Amino acid sequence: MFRTLVLATALLGLAACQGGSGGGGGQASSEIAAVNAEFQAAFNRGDPQAMAALYSEDAVILAPGAPWLEGRAAVAQVWQNVLGQGVRDLDLETVDLEVQRSSATELGRFTLTVPDGQGGRRTLPGKYVVHWKRDPNGAWRLHWDIWNDSPPQG
């Protein structure tokens, strides 16, 4: 009986952990993709407040070369600083998404353009991990966000 209960619990857990390359768990995957599209659009129009609104109230952001930052105000400031450095043209790609009930973990890649220091621009590839949480209203919010650049491909 105990073994059956353990097996049933494990199977339920596996069913709840929907994941896969570039996808995730049905409705959750679609909802997170929609938030990513909102985030990308806000970035590309230069709106750090709209970007910060997509994070949880107690979000943690771990930006390259920056201290541990918490809360939406800090998130907005990070994105204001990034945009203020002339970073543009964000393109996000979800590589993997694992959903567990009211949280999810996303692995992804991005590209953006940065000033090259000579009056032009260059494309910068990177990678990221986002831990998502549902808020009390059921909306998916970025909760922990960390990213860094990748070596240039060539």
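Read the figures in this text as sums done on the coordinates, not as results from a lab. Fair warning: this is a prediction, and the values are worked out from it, not measured in the lab. When we count neighbours, we look across all protein chains shown, and the Cβ atoms used for this are built from the backbone with ideal geometry, even at glycine.
Residues in the stretch 53-89 that are assigned to a loop (DSSP other than H, G, I, E, B), under 17 Å from the mean Cα position of the chain (by Cα) and at negative phi: 53, 54, 63, 64, 68. How many of the residues making up the stretch 125-140 are under 11 Å from the mean Cα position of the chain (by Cα) and on the phi > 0 side of the Ramachandran plot? Counting residues in the stretch 125-140 that are under 11 Å from the mean Cα position of the chain (by Cα) and on the phi > 0 side of the Ramachandran plot gives 0.
Considering 81, 44, 137, the condition of being among the polar types (S, T, N, Q) and under 25 Å from residue 26 (Cα atoms) is satisfied by 137 alone. For the stretch 97-114, the set of residues classified as out of contact with any Lys or Arg (no Cβ under 8 Å at 6 or more places or on another chain), part of a strand (DSSP E or B) and of a type in the set (D, E, K, R) consists of 98, 106, listed by residue number. The single condition among (1) part of a strand (DSSP E or B); (2) surrounded by 16 or more Cβ atoms within 10 Å (Cβ to Cβ) that residue 93 does not meet is (2). Annotation: residue 39 fulfils all but one of (1) farther than 28 Å from residue 122 by Cβ; (2) touching a residue at least 40 places away in the same chain (Cβ under 8 Å); the unmet one is (1). The residues of the stretch 43-90 that are surrounded by 13 or more Cβ atoms within 10 Å (Cβ to Cβ) and among the basic types (Lys, Arg), listed by number, are 72, 88. Number of residues in the stretch 115-131 that are out of contact with any Ser or Thr (no Cβ under 8 Å at 6 or more places or on another chain) and part of a strand (DSSP E or B): the value is 2.
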